[in-house]
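Read the structure below first, then the notes.
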Amino acid sequence: MRRIFIAIIGLISYSVAQAQTAYSLKQLADSLIENSFQLRINRLQEEEARLQTGMAAAGAYPTVSLQAGNSQAFNNTRQEFFNGDIREASLAANQAWNAAVRADWTFFNGFRVWAQSAINETRHQLSSLITRARMEEELFQLASLYAELQAREQMLQNLKSTLSVSNENYRLAESRQRIGKANKQDVLQSLTNLNSDSSNYIKEENRILYLKLELKKLCGLKSGGMIQVGDTTNETAVPALDKLIENALAQNTDIRQQKAQVLISLKNEKLQKADRYPQLGLFAEYNFVQSANQVGILKSNTSLGPAFGLSFRYTLFDGFRVSRNISLAALQTKQSRLNEEQTSFELRISMAQAYDTYLLNRRLSELERQNSLLAEENLSLAQARLNNGVISAFDFRQVQESTLAAESRAIEANYELRRSALQLMLWSGDLLKAIYPAP
């Protein structure tokens, strides 16, 4: 029987013996921010939006173009003049060269440039907010997994203590059987309890291994070593509900995205109204033209010089297209404002519900913690009574299982408390501050 226990302990300790590296939550967060594929894609999209900002992207600058050409023509030509002269030729060659440098600049188009520039800048800000929202969501997943892994590690330690007690009770039952104070049934029951506790320990280790692999995948860790979390952290400090909602209205990325959409809609209205104004532009060019003819009045012609001027364009009637586009833009603005109001309203309700859950979890956590301490004290008394033969192994097992259940509830309640606090930090926009506290 002793060999069985040694084999079980060897199997349990196998994964513990593997190389492990301790990571704090901040270290894992750094790795996630650097390696997350989705965040890397978001950052590329953010850079793409940044390249679309500025006055150049809005069309504020003039355009300069260079144009050149050459033409060759061969014609059968017959020219008859009023004085009676006739000139004719077969396949007479006509050759022309031309080149020009031209600059065009629309210096007024109904304030379209400023409206488009503001839209592009706001889209860049919106892209940054999308990246931040994705980062916060993944950091919330990371912090939740980290807290769950810490809870599982605590549970594993409790199961290890239970396993050690069960082993001692098995040895005690064997000793009593040898001196005639216990029968074989007591020994078999003790061994059954030992095997059951060993099975629970192995299952818990398997859950922990799964969570560690999930953390490695989430953070993009490619090293061969297994993750080892730090000690259980204290509960994240959560301010009052009014302060949380105040922070959320100012920092929540969903609300800030909706505000950016409202601003884009407002600028889009100005963009559509720009078509009601005339367009004024300037142009300047420098031309070179040279031609040569075998038949005609001029044998050759060459011109070289600058030209410049002012252009004006105004649409008198376009089938009410501009009015229709302005009305559509105004409707989009109203919709964006309603989306912002809806997001703010739903966030307030969700945070109030989450805060009630947080307060409930805090009370439950304290209650289960006190109950766990009482259960541990009761277990110590029961162990002493078992050693003195006052209670049976069956009665002790019930106390042992009750203690383990109480400790499990305490760990689970603490985990739920931490997770509800993280959820509030996510919605209020304070999650990054919780993971990266100011020194």
Residues that are under 14 Å from Ala393 (Cα atoms) and in contact (Cβ under 8 Å) with a residue 24 or more places away in the chain, drawn from segment 163-186: Val165, Ser166, Asn167, Asn169, Tyr170, Leu172, Ala173, Glu174, Lys181, Asp186
Condition met for Gln272 (within 29 Å of Ser65 (Cα to Cα), among the polar types (S, T, N, Q) and part of a helix (DSSP H, G or I)): yes
Search result, residues across segment 22-63 that are touching a Gly at 6+ places or on another chain (Cβ under 7 Å) and hydroxyl-bearing (Ser, Thr, Tyr): Ser24, Ser31, Ser36
Ala115 vs. criteria touching a Leu at 6+ places or on another chain (Cβ under 6 Å), modelled with pLDDT of 90 or more, not aromatic (Phe, Trp, Tyr) and not in a strand (DSSP E or B): yes
Filtered residues of segment 33-82 (kept if within 21 Å of Glu121 (Cα to Cα) and acidic (Asp, Glu)): Glu46, Glu47, Glu48
So Ala330, is it modelled with pLDDT under 95 and surrounded by 11 or more Cβ atoms within 10 Å (Cβ to Cβ): no
Residues of segment 47-99 satisfying the condition of being polar (S, T, N, Q), part of a loop (DSSP other than H, G, I, E, B) and more than 30 Å from Ser117 (Cα to Cα): Asn83
Checklist (1) surrounded by 17 or more Cβ atoms within 10 Å (Cβ to Cβ); (2) of a type in the set (A, V, I, L, M, F, W, C); (3) part of a helix (DSSP H, G or I); (4) under 25 Å from the mean Cα position of the chain (by Cα) applied to Ile208, failing item: (4)
Residues (polar (S, T, N, Q) and not in a loop (DSSP other than H, G, I, E, B)) located in segment 246-261: Asn247, Gln251, Thr253, Gln257, Gln258, Gln261
Criterion (exposed (fewer than 13 other Cβ atoms within 10 Å of the Cβ), among the aliphatic types (A, V, I, L, M) and either touching a residue at least 60 places away in the same chain (Cβ under 8 Å) or in contact with a helix residue (DSSP H, G or I) (Cβ under 9 Å, 6 or more places away or on another chain) (or both)) met by exactly one of Leu374, Leu310, Leu316: Leu374
Filter pass, Ala99 being of a type in the set (A, V, I, L, M) and surrounded by 15 or more Cβ atoms within 10 Å (Cβ to Cβ): yes
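The values are calculated or read from the model by the stated rules, or taken from the named source; none is laboratory data. Just so you know, these numbers come straight off a predicted model, no measurement behind them. Cβ atoms come from the backbone with ideal geometry, glycine included; neighbour counts cover every protein chain shown.
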